[in-house]
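A.B. asks: Here it is, the structure in full.
The values are calculated or read from the model by the stated rules, or taken from the named source; none is laboratory data. None of the values given here were measured: they were computed from a predicted structure. A quick note on method: Cβ atoms are made from the backbone with ideal geometry, for glycine too, and the neighbour counts reach across all protein chains shown. Heads up: the accessible areas ignore ligands, DNA and RNA and are worked out on the full protein's heavy atoms, side chains in. Shrake-Rupley method; radii C 1.70, N 1.55, O 1.52, S 1.80 Å.
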Amino acid sequence: MEYRHGIGWDLHRLAAGRRLVLGGFEIPSELGLEGHSDADVLSHAITDALLGAAALGDIGLHFPDTDPRWRGADSTLFLRTALQMLQEHGWRLVHVDSTVVLERPKLGPYRDAIRLRLAAALELDPARVSVKFKTAEGLGPAGEGRAAEAYAVVTLSRDA
Ligand code: C5P
Ligand code: MG
């Protein structure tokens with residue numbers, strides 16, 4: 001077996017009047033994420049990790065934020081498309097690990113709902129999908145409550 005790891009990161013500003021969607025699941029929150037699509041920072045980081053592991057470029061290459069097709073888009077579409085692309089290159093997705101950095105609200109109660117959405121989009125057993133949460137201790141854009149960040153790592157395998 002040949003194995004590859006991919007890393008992804010993303011950041012979106014927090015703003016009033018926007019939805020907070022993480023991994024395709026909408027979290028009740030006063031503030032949401034700004035962006036061209038639904039601004040699902042977690043799905044964007046995982047999409048980049050998938051593309052990176054297969055050396056297929058990045059999210060902006062395949063889904064440019066200048067393209068009106070992606071305005072308000074459900075970002076799990078990016079996950080599904082990246083999965084399909086790597087499968088076309090013979091890769092199988094083994095697992096996903098991720099961290100969302102957000103001061104509030106507390107995301108722990110939504111962990112399993114987010115994992116189930118991601119698992120469905122990525123055709124994975126939920127046991128292979130990990131989602132973790134951190135505050136930034138009041139420091140930096142995330143800590144000051146101005147942004148959310150997400151980090152993701154994925155592993156792919158392929159017959160050597
Ligand atoms: O950032 P900190 O180390 O204080 O986070 C402690 C725990 O709080 C995390 O491990 C996570 O379980 C939870 N948390 C959360 N929602 C957030 C941030 C942290 O549920 N927005
Ligand atoms: Mg993004």
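A.B. asks: Let me confirm something: among Gly52, Gly35, which residue is surrounded by fewer than 24 Cβ atoms within 10 Å (Cβ to Cβ) and closer than 14 Å to Tyr151 by Cα?
C.D. replies: The unique qualifying residue is Gly52.
A.B. asks: Okay, next question. Is it fair to say Ile46 is surrounded by 16 or more Cβ atoms within 10 Å (Cβ to Cβ) and either among the aliphatic types (A, V, I, L, M) or at positive phi (or both)?
C.D. replies: yes
A.B. asks: When you go through Val101, Val94 one by one, which is the residue that is in contact (Cβ under 8 Å) with a residue 12 or more places away in the chain, buried (at least 19 other Cβ atoms within 10 Å of the Cβ) and either within 11 Å of ligand 1 (Cβ to nearest atom) or of a type outside the set (S, T, N, Q) (or both)?
C.D. replies: Just one listed residue meets the conditions, Val101.
A.B. asks: Additional query: Name every residue in the range 55-67 that is crowded, with 17+ Cβ neighbours inside 10 Å and more than 14 Å from ligand 2 (Cβ to nearest atom), in order of residue number.
C.D. replies: Hit for the range 55-67 is Leu56, nothing else.
A.B. asks: Here's another thing I want to ask about it. Is there a residue in the range 72-85 that is open to solvent by 50 Å² or more (accessible area, probe 1.4 Å) and in contact with a strand residue (DSSP E or B) (Cβ under 6 Å, 6 or more places away or on another chain)?
C.D. replies: The answer is no; no qualifying residue exists.
A.B. asks: Looking for whichever is under 18 Å from the mean Cα position of the chain (by Cα) and under 20 Å from Leu33 (Cβ atoms) here; the options are Ala120, Ala148. Which one fits?
C.D. replies: Ala148
A.B. asks: Yes or no: Arg111 open to solvent by 70 Å² or more (accessible area, probe 1.4 Å), of a type outside the set (Phe, Trp, Tyr), within 16 Å of ligand 1 (Cβ to nearest atom) and in a loop (DSSP other than H, G, I, E, B)?
C.D. replies: no
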